[in-house]
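Accompanying notes for the structure given below.
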Amino acid sequence: MFTSLFSRLTGHAAPEIDPELDAQFAIAALLVRLAKADAYYAFEEIAEIDRIIGRTWDLNPVAAMKLRAQAERIEAGTPETEEPETDDLTRLVQDHTPYEQRAALYAALWDVSLADRKLHDDERRFLDGVAAALAITAEDRAATAARRTAADPDPAPETAPETPSETAPGTAT
């Protein structure tokens, strides 16, 4: 996916990229896309994404923020290209990531969805779609949802606050 983007942008053949690196960016882009699913990219969600990225790939906070920033650019696309489809991102993860890591990604997506203490309808639909695309078993889906909602007893769908001051600077979508 990223090699074809490089080719279209530069007009040159893209260098060979490690599929696991592409999968890393796809995972980070999925985390960002989930956080933006409700059209409200909250600071708490950004901080949770940074924590997940840092913990997953053993990165310091600055490196985690840089990877998230790259994922934000990938997730948004460029003026010359469209944003990647969620199906493309999940297919890349599915093809290059073992089941246990995909299940951990699903749990991490739940953590991002609840970072602002609100499970929005759009986030729930995104979680369901990604779980299906990543072939997460029904048992693992249910167990993850139960663990995450037990940790946050009020994950009821809600709408985002209307005050722009609660959004991190430069992150409004």
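The values are calculated or read from the model by the stated rules, or taken from the named source; none is laboratory data. Only a predicted model underlies this, so the values are computations on that prediction, with no experimental measurement involved. Neighbour counts are summed over all protein chains in view; Cβ atoms, including those assigned to glycine, are modelled from backbone coordinates with ideal geometry.
Does E123 meet the test of being part of a helix (DSSP H, G or I), on the phi < 0 side of the Ramachandran plot and modelled with pLDDT of 95 or more?
no
Go through (1) out of contact with any Asp or Glu (no Cβ under 8 Å at 6 or more places or on another chain); (2) of a type outside the set (S, T, Y); (3) not in a helix (DSSP H, G or I) for K118 and report which single condition fails.
(1)
When the residues of segment 69-115 are narrowed to those that are touching a residue at least 40 places away in the same chain (Cβ under 8 Å) and not in a helix (DSSP H, G or I), which ends up farthest from I49 (Cα to Cα)?
E80
Would you be able to tell me the number of residues in segment 36-64 that are hydrophobic (A, V, I, L, M, F, W, C), part of a loop (DSSP other than H, G, I, E, B) and surrounded by 14 or more Cβ atoms within 10 Å (Cβ to Cβ)?
Of the residues in segment 36-64, 2 are hydrophobic (A, V, I, L, M, F, W, C), part of a loop (DSSP other than H, G, I, E, B) and surrounded by 14 or more Cβ atoms within 10 Å (Cβ to Cβ).
Based on what the data block shows, is A39 of a type outside the set (D, E, K, R) and at positive phi?
yes
Residues to consider are A71, A47; find the one that is within 12 Å of L30 (Cβ to Cβ) and among the small types (G, A, S).
On inspection, the qualifying residue turns out to be A71.
Looking at Y40, is it within 21 Å of D22 (Cα to Cα) and aromatic (F, W, Y)?
Judged against the criteria, Y40 is not a match.
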